[in-house]
Every structure is written in structure tokens, then in C-alpha cells.
Amino acid sequence: MQTQLSKEDVLSYMDSLRLPGAKGKFLELLALPDSVNLTQTEFVGLMLKTEVSTRRERRVERLLKESGLRRNAAFLTARPENVMYGDRGLNKDVVERLVSCDWIRLPTPPSVIITGPSGTGKTWLAHLIGRCACEQSLTVQYLRFPELLEKLQDAFDHHESASFRRTLNLKRLLIIDDFGIGNVTPELLNDFLSLIEARAQISATVLSGQLDPAEWYDYLGRSHSTDALVDRLINYSYIIKLCGNSLRELAKPTL
């Protein structure tokens, strides 16, 4: 025996099941005269397709919000179609591989090291990778290195270092920007090494900064911890060395 449902009944069921995308599409189709020509399968299919799209958009929005990427102005233009190649040390094949995010999904993902003078687009490129990862439903965390040092110090002071590192290591992609800025004590270096060791070839890490890897020893000091850190990051990574004039010159205001 069939039970006839009213429009209000259907909307109520959709609210109960939390189907805002399908609900919106249902109302849209009812308002279109041509929708009477749709089969039942087509009608329901359009609603479900819209629901899937809506949920994906909401997930991407949540991931972007949680990532911390939006705090930097570079995020606004960091899109694949805006990549400037020229004589900047960027290889198109490598960039396309990075924004595909397939490398993040590998069982043993490599790291990405981005270096270069100020203004050459290190932060922008890191944001591009982070945005693309979020848009592909991968969890991301963006931190400037001085900020990471502060958080590591705070966790150390409160005996929560292991817990803090575990939280970061839940992210499929960790972006550490401005590496080389800030004072790294032996204790913080050990904590940073522990973080990188836990992620090495398990979760992906992007490290960007002005320091060339050859200068890391001068910055971090010569120690077994620095040796281990260099070994974890350098020997299994994409290394991108940007060059050229500062891109900020292109954004100079005109009076």
C-alpha cells in the first residue's frame, strides 16, 4: 500500500537526514516546469549529486579553515593557473606533480624543500600545495617556523611535547614556512627532530625558507641531532631552489 507524501513531508525528512544540498536541489527542480520530463531516477540522481557536491564543498571549507593557510595573503592568489615560471627555477613537471597531491598519498611520501631569496615565491608555492591538498580532502597544517618553535617551547614547558607532536602528525601534510628564523635551543632542536622523524616517509612535510640546506649546519649547529634532521629531510625529498627578482616588485603600488 502506497503512502502519499506531501512536499512538506519530503522536506522534513531531508532536514532530519541533514541533506541540505538535496533539499535545495529538490526545491529548485520543483520550480522548473521542465522537471516533469525527468524520470524518477534522474530526479533523485540530481538531488544526490548535488548533496555529494555540497558535502565536498563543506569539507574543503572546513579543511581550509583548520589549516591556517588563510592567515597569509599568499593564499588569495595561490592557484595552479597563477604559477609564474620564467627563469625562476620552477620545473613545470615538478609543480604539476606537487599540485596533483599524488605524492602525499604514497605509502612513503617524500618531503618538499623550497629555498630561495626573499620575494621569490616560497610561501606562495607552499600555499599552492596546501590549498590543492585541502581541495582534495587531505588534512593540512600550516605554521611559520617561529610559531612552531613557540608551540614546541610551550608544549615542552607544560610537559606536553609528545601530545603536541602527535596532534601535528595526524595531518597528512605539514607546511613549515620561514625555516631559519628564530632561536633553536638544543631542547627545541630535539623536539623538532622527533617531529620530523615521526613524519619521515609516513606523512608529507613541506619546509620553506631562505636557508639553503648547505647552511642548515650554521643555523642549527653541528650536532648528532642536526645530522639526523638533515638526513631525514634531504635524502628523500623534492628540492626546489627558486631564484630571480622579488615578485613583490610586481605588486608595487602606483601613485
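The values are calculated or read from the model by the stated rules, or taken from the named source; none is laboratory data. Here the structure is a predicted model, which is why all the values come from computation and not from measurement. Cβ coordinates were reconstructed from backbone atoms using ideal geometry, including for glycine residues, and neighbour counts include every protein chain displayed. For accessibility, only protein heavy atoms count, side chains too; no ligands or nucleic acids. Shrake-Rupley method; radii C 1.70, N 1.55, O 1.52, S 1.80 Å.
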*Please identify the pairs in which a residue from segment 86-102 that is over 25 Å from residue 139 (Cα atoms) has its Cβ atom under 6 Å from the Cβ atom of a residue that is open to solvent by less than 30 Å² (accessible area, probe 1.4 Å), counting only partners at least 6 apart or on another chain.*
88/242; 89/242
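Being under 30 Å from residue 197 (Cα atoms), hydroxyl-bearing (Ser, Thr, Tyr) and modelled with pLDDT of 85 or more is true for just one of 67, 12. Which residue is that?
67
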*Taking only segment 232-245 into account, find how many residues are more than 24 Å from the chain's Cα centre (by Cα) and open to solvent by less than 80 Å² (accessible area, probe 1.4 Å).*
1
*Pairs only if they're at least six apart or on different chains, beta carbon under 6 angstrom, first in segment 26-39 and under 18 Å from residue 12 (Cβ atoms), second open to solvent by less than 70 Å² (accessible area, probe 1.4 Å) and not acidic (Asp, Glu); list them, first residue then second.*
26/47; 29/35
*segment 51-60, residues that are open to solvent by 30 Å² or more (accessible area, probe 1.4 Å), charged (D, E, K, R) and farther than 14 Å from residue 136 by Cβ*: 55, 58
*Say whether the condition of being in contact with an Asp or Glu (Cβ under 6 Å, 6 or more places away or on another chain), assigned to a helix (DSSP H, G or I) and in contact (Cβ under 8 Å) with a residue 60 or more places away in the chain is met by at least one residue in segment 58-73.*
yes
*asked:* Give me the residue from segment 76-122 that is outside any loop (DSSP other than H, G, I, E, B), open to solvent by 30 Å² or more (accessible area, probe 1.4 Å) and of a type in the set (S, T, N, Q) and, out of that set, nearest to residue 181 (Cα to Cα).
replied: 82
_Single match in 223, 208, 161 (criterion: surrounded by 16 or more Cβ atoms within 10 Å (Cβ to Cβ) and over 26 Å from residue 136 (Cβ atoms))_ = 161
